[in-house]
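Structure record follows, encoded as structure tokens.
The values are calculated or read from the model by the stated rules, or taken from the named source; none is laboratory data. These figures come from a predicted structure and were not determined experimentally. Reconstructed Cβ throughout: ideal geometry from the backbone, glycine too, with neighbour counts over all protein chains shown. These area figures cover heavy atoms from the full protein model, side chains too; ligands, DNA and RNA do not enter into them. Shrake-Rupley method; radii C 1.70, N 1.55, O 1.52, S 1.80 Å.
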Amino acid sequence: MRIKWRHRASPAAPLALALLAATGCDGAPDARPAPTGASSGSVARVCAEPAAGPVKAPAGAVTVDPAVPGDLAAKTRSSPPNTTFWLRPGEHRLQPDRYAQVVPKKGNSYLGAPGAVLDGRRTNQYAFGGAAPDVTIRHLTVQGFVAPHNEGVVNHDSADGWVIEHATIQHNSGAGLMAGARQRVRASCLRGNGQYGMNAYKATGRISGLVVEGNEITGNNTGDWERRRPGCGCTGGVKFWAVDGADVRGNWVHDNRGTGLWADTNNNDFRIEDNVLEANDGAALIYETSYNAVVRKNTIRRNNWVEGRRHADRGDTFPFATVYLSESGGEPRVPARTDKIEIYRNLLENNWSGITLWENADRFCNSPANTSSGDCTLLVRDTDRCAQPAIATEPLYADCRWKTQRVDIHDNRFVLDKSVVGCTVQCDRMAVLSNYGTYPDWSPYQGERVAEAITREQHNRWRDNVYVGPWSFVAHDPSRTLGLGQWQSAPYRQDAGSTFRARDGG
């Protein structure tokens, strides 16, 4: 899924790889001080400090022997639902067949002893699959699996109610982890996977009640898929698709090649809070063609240095930002815990630009320019209704378009030192804008209609923020760069109550 009308391919990232080595996530010395969350004062350093599993089998558990290839899958098949399996220390293997995998039964639990590893040996595609609900995986390292593009290794079939805790899912192809409804992913290390750390995607229906809490999500997209498939929009630390209700809190999302957290297409009701999002090659957060979210008390720093710089070096004037809302906004008609997108009490420090609110005038239901695989908004179930002549009149004129609206950005701290970022231009912007509508020829949104709407009519507001450093502003379209006085004056009237100073203490 794409977020604007041009590609955002991701490069090789020597800077990010160097930072990754400094974290100790791949055995390197941990020379960098631990980052501090905006309010929590701690970070989920679980890759370097994983919690140990039980040293003895719990009462009633089935013991799995690493010396017997395929023992885990075989004992799963022969045991009833709700069985607990304890994996002894050592390297556990499946049978040497690409489709060999563990297919849990309802309510099964898999506990790893200290040093228990399930290794796909670059032969098996999937570790755990099937449709059984309410499966638990704890204290187990899963590595070396080769899931195909857009598929995942753990919970391959996106079954519901799984709990993944104190697990290490690393060095796999594809996504380390898929997600179903009511899934809980806690205190786990998702690192060095080929495409995503986690891909929250279900082939049919929507995912509800997802919790992603206290994890370290780092170094993912080792396959550099944006370079291999330019414009695919198919990489990042975590990708969310059609998730209805998610709590993403207390995670350390860092040094991913591409975007840190990316919610793409008809997500709703997100709370993204108390995370540390840092040193990702692209944006820290993208919220795309989605609804109703709270983004609060996060520390967001040193993101978008690689992708932002590359676009600037190409002469691209689009305000690529570290928090990027693309055709996303608050919608009271879509039930959620909030009816707007509220971004507040975050620290954004030395990122490549700040927050961009964007809306593509040519992207709407039934438009050939809609890259969301034929999806329509949550307000229109029948995409075919979004056609002339009905789309030119209400309610379809409003409801066939994902809107960046009702975004409230307040009480944040934005800090920029260009000498730290290593830039001179195009790394210092806040923006609210659209493009000139041109396509298709039957579109009712041609011309400046959407640019006027997102800038002046859709209740998007910055207020009561603190700015440190040199900042500029973009409104209406990419060519309209504003100084502070213009940004705060009519007709934009942004950042009422905000304070601005050149440097800390100034």
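Just for region 243-367, what percent of DSSP beta bridges are antiparallel, to the closest 5?
Values: 0 of 36 bridges.
Antiparallel bridges: around 0 percent, rounded to the nearest 5.
Over the residues of region 438-506, compute the C-alpha Rg and express it relative to 2.2 N^0.38 Å.
Against the compact-globule rule of thumb, the ratio is 1.39.
Given the -39500 (n - 2.57) contribution per DSSP H run of 4+ residues, what per-residue ellipticity at 222 nm results for the chain, rounded to the nearest 500 deg cm²/dmol?
-2000 deg cm²/dmol
Which of the three applies to region 68-221, rounded, prolate or oblate, going by the alpha-carbon gyration tensor with a ≥ b ≥ c and a/c under 1.5 meaning rounded?
It comes out rounded by the Cα gyration axes.
Tell me, in nm to one decimal, what length is gained between T499 and D464 on full extension, where the rule is 0.36 nm per residue of separation less the Cα-Cα distance?
11.9 nm
Cα gyration tensor of region 343-428, axes a ≥ b ≥ c as square roots of the eigenvalues: rounded (a/c below 1.5), prolate (a/b > b/c) or oblate?
Judged from the Cα gyration tensor, region 343-428 comes out prolate (a/c at least 1.5, a/b above b/c).
Return the percentage of antiparallel bridges among DSSP beta bridges fully within the chain, rounded to the nearest 5 %.
In the chain, approximately 0 percent of DSSP beta bridges are antiparallel ones.
Per residue, how large is the accessible surface of region 362-506? Use a 1.4 angstrom probe and give square angstrom. Write down the numbers at each step before the final one.
On the way: 6460 Å² over 145 residues.
Roughly 45 Å² per residue, with all protein chains present.
Any chance you could look up the accessible area of V425 with a 1.4 Å probe, heavy atoms only, rounded to 10 Å²?
90
Quick one: net charge of V55's neighbours, Cβ under 15 Å, K/R +1, D/E -1?
Overall, the nearby charge balance is +3.
Hey, what's the per residue convex hull volume over the C-alpha atoms of the chain, in cubic angstrom?
Spelled out: Cα convex hull of the chain, divided by residues, is 139 Å³.
Give, as a single signed number, the net charge of other residues whose beta carbon lies under 14 Å from the beta carbon of S489, with Lys and Arg counted +1 and Asp and Glu -1.
Details: positive: R456, R480, R493; negative: D495.
Summing Lys and Arg as +1 and Asp and Glu as -1 gives +2.
Taking all protein chains as present, what is the carbon and sulfur share of the accessible area of the chain, in % to the nearest whole number, probe 1.4 Å?
50
Treating cross-link reach as a plain straight distance, find the aspartates and glutamates whose alpha-carbon is under 20 Å from the alpha-carbon of K56, omitting any fewer than eight places away in the same chain.
By straight Cα distance, K56 reaches D65, D71, E91, E165.
Largest first and in whole Å, what are the equivalent-ellipsoid semi-axes of region 286-329 based on the Cα gyration tensor, each being the root of 5 times an eigenvalue?
Here the semi-axes work out to 23, 15, 6 Å.
Debye sum, Cα scatterers, region 163-267, no solvent: what log₁₀ I/I(0) at q = 0.22 1/Å?
Debye intensities relative to I(0), on a log10 scale: -1.14.
If I take the Cα coordinates of region 323-366 and project them onto the principal axes, what are the three extents in Å, biggest first?
So the extents along the principal axes, rounded to whole Å, are 38, 29, 9.
Can you pull the accessible area of V68 for me, 1.4 Å probe, Å² to the nearest 10?
Near enough 70 Å² of accessible area.
Given points 7 Å out from each Cα along the Cα-Cβ axis, report the D384 to R337 separation in nanometres with one decimal.
Taking the simple label geometry, D384 and R337 are separated by 3.9 nm.
Two-decimal Rg/Rh of region 126-217 from alpha-carbon positions, Kirkwood Rh?
My calculation of the ratio gives 0.92.
Answer rounded, prolate or oblate for region 50-141, using the Cα gyration tensor with square roots of eigenvalues a ≥ b ≥ c: rounded when a/c is under 1.5, else prolate when a/b is larger than b/c, else oblate.
oblate
Can you give the local net charge around L118? Use residues other than it whose beta-carbon is closer than 9 angstrom to its beta-carbon, Lys and Arg +1, Asp and Glu -1.
Counting the neighbours of L118, the net charge comes to -1.
When every alpha-carbon pair in region 381-506 is counted, what percent end up more than 18 Å apart?
61
Could you compute how fast region 212-326 diffuses translationally, taking Rh as the Kirkwood radius over C-alpha pairs and applying Stokes-Einstein at 37 °C with viscosity 0.692 mPa s? Give it in µm² per second.
233
Per 10 Å bin from zero, what fraction in whole % of the C-alpha pairs of region 152-200 is there, up to the bin with the longest pair?
Distribution as computed: 32, 59, 9 percent.
Take every Cα pair under 8 Å in region 217-344 that's 6+ residues apart, average their separations, divide by the length, and report that relative contact order as a whole percent.
The normalised contact order for region 217-344 reaches 21 percent.
Which translational diffusion coefficient, to the nearest whole µm²/s, is obtained for region 380-436 from the Stokes-Einstein equation, given a Kirkwood hydrodynamic radius over C-alpha pairs, 37 °C and 0.692 mPa s?
211
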